[in-house]
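All remarks here apply to the structure that follows.
The values are calculated or read from the model by the stated rules, or taken from the named source; none is laboratory data. The structure presented is a predicted model; accordingly, all values stated were derived computationally and were not measured. Here the Cβ positions follow ideal geometry from the backbone for every residue, glycine too, while neighbour counts run over all protein chains shown.
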Amino acid sequence: MIALTSATGKLGSAVLNAILESKLVEPTELVICTSTNPLDERFNTYRDRHITVRYNNFDQPESLERAYTGCEKLFLVSTPRIAMDYNDAPLWKGREAHHRAAIDAAVKVGVKHIYYTSLAFGNPSKAGVMRAHIRTETYLNELAEQGKVNYTIIREGLYNESWPLYFGYYYGLKDDKRKEVIVAGDGPISWTAIADMAYATARILSAPSAEWMGKTLYLSQNRTWTLHEISRIVSRVRAEDVSLKVVSRKEYEDYYVKEKNMERPAVEWWSTTYEALKDGECDIKDATLEKILNEAGRKLKPLDATIEEMLG
């Protein structure tokens, strides 16, 4: 059986749907793990297909053990509680604390293989968003060396759908009136549509464990777009000039704290992302995603198509 965390989140739900739509795993072999009430009616369609739904909460280790019991594989989607990472959180105080709780629970109840969703930056990385991921990857590698569990680390590409987050810290789509977007750096980014990486992830999860065991791979298309290129796409779609201004990290942080009323710890944590972009950390060259999609007769969705859809 396969335990799937964050099955109602963007990536988790897309992976679950890809598994079901492509009939990669029998529904009776799936366990959906949720931090909400498993009896909620939103899960009725899954229960009707004989999929097990169990409660799990990162803050309640015993719930994690109950959720993963009887499963051979765990698909562990990183926790979205990014505030845990603020203020340079020391080891086991950031998001990796939640990941470790899930990993330890899985090992305790006999899960053999953990698939962890990391992010498509470098290692080492200048991006604060990668700190918890790298710590989690390191922990999984240590456990594997001790013979306690097998792992596959899937560094998911930066979502096509997340471009507004990088383009000026949540560009407001239709209601954003900015003619100039301020960022703290730019560089080539291998954007990837959620549906594309979810399908590839589903194929990896459903394959025999030995096929991907011990591997760290990127699921990201090789073509890149910079934030300057995004500004040109946005300008074309909106039929008005929207320029990009690159400033220092300090200027960036002060602008979003003072002008946009954002919390300084959050802005300081996020501003490090641009240091990584400038270093080319998100210029990914890994053929795994394209190979999996090509074998299935599927084509990658380009970033500009996603931007056009989102701007309407």
- Only one of (1) in contact (Cβ under 8 Å) with a residue 24 or more places away in the chain; (2) more than 23 Å from residue 132 (Cβ to Cβ); (3) out of contact with any Lys or Arg (no Cβ under 9 Å at 6 or more places or on another chain) fails for residue 270. Which number is that? (2)
- Query: Restricting to helices (runs of 4 or more DSSP H) lying wholly in the stretch 225-292: which have 3 or more residues that are within 22 Å of residue 156 (Cβ to Cβ) and in contact with a helix residue (DSSP H, G or I) (Cβ under 8 Å, 6 or more places away or on another chain)?
  - Reply: 264-278
- Item | Restricting the stretch 289-312 to residues that are touching a Leu at 6+ places or on another chain (Cβ under 9 Å) and closer than 23 Å to residue 226 by Cβ, the residue that is surrounded by the fewest Cβ atoms within 10 Å (Cβ to Cβ) | 299
- Note on the structure: For residue 165, the lone unmet condition from (1) without any contact (Cβ under 8 Å) to a residue 12 or more places away in the chain; (2) outside any helix (DSSP H, G or I) is (2)
- Residue list for the stretch 68-83, filter: surrounded by fewer than 17 Cβ atoms within 10 Å (Cβ to Cβ) and either assigned to a helix (DSSP H, G or I) or in contact (Cβ under 8 Å) with a residue 60 or more places away in the chain (or both): 70, 72, 80, 82, 83
- Item | Yes/no for residue 107 being buried (at least 17 other Cβ atoms within 10 Å of the Cβ), of a type in the set (Val, Ile, Thr), out of contact with any Phe, Trp or Tyr (no Cβ under 6 Å at 6 or more places or on another chain) and over 17 Å from residue 205 (Cβ atoms) | yes
- Message: Looking only at residues that are part of a loop (DSSP other than H, G, I, E, B) and over 30 Å from residue 251 (Cα atoms) in the stretch 138-162, which one is nearest to the chain's Cα centre (by Cα)?
- Response: 149
- Query: Which one is farthest from residue 201 (Cα to Cα), of the residues in the stretch 110-132 that are assigned to a helix (DSSP H, G or I) and touching a Phe, Trp or Tyr at 6+ places or on another chain (Cβ under 8 Å)?
  - Reply: 128
- Task: Take the stretch 253-265 and flag every residue that is buried (at least 18 other Cβ atoms within 10 Å of the Cβ) and closer than 14 Å to residue 165 by Cβ.
- Result: 256
- Item | Within the stretch 66-122, tally of residues that are over 19 Å from residue 38 (Cβ atoms), more than 19 Å from the chain's Cα centre (by Cα) and of a type in the set (Phe, Trp, Tyr) | 1
- Task: Sort out which residues of the stretch 12-42 are of a type in the set (Gly, Ala, Ser), part of a loop (DSSP other than H, G, I, E, B) and buried (at least 16 other Cβ atoms within 10 Å of the Cβ), and write them in order of number.
- Result: 35
- Of all residues in the stretch 293-304, which are part of a helix (DSSP H, G or I) and either in contact (Cβ under 8 Å) with a residue 40 or more places away in the chain or in contact with a strand residue (DSSP E or B) (Cβ under 8 Å, 6 or more places away or on another chain) (or both)? 293, 303, 304
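For residue 104, state whether it is over 24 Å from residue 277 (Cβ atoms) and without any contact (Cβ under 8 Å) to a residue 40 or more places away in the chain. Give the derivation first.
Details: over 24 Å from residue 277 (Cβ atoms): yes; without any contact (Cβ under 8 Å) to a residue 40 or more places away in the chain: no.
No; evaluated as a whole, the condition is false for this residue.
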- Residues of the stretch 13-46 being at pLDDT below 95 and of a type in the set (D, E, K, R), in sequence order, are 40, 41, 42
- Task: Note down all Cβ pairs under 7 Å where the first residue falls in the stretch 233-253 and is of a type in the set (Lys, Arg), the second is loosely packed, with under 15 Cβ neighbours inside 10 Å, and they're at least six residues apart or on different chains.
- Result: 245/180
- With respect to residue 161, is the statement that it is in contact with a helix residue (DSSP H, G or I) (Cβ under 9 Å, 6 or more places away or on another chain), surrounded by fewer than 20 Cβ atoms within 10 Å (Cβ to Cβ) and within 23 Å of residue 278 (Cα to Cα) true? yes
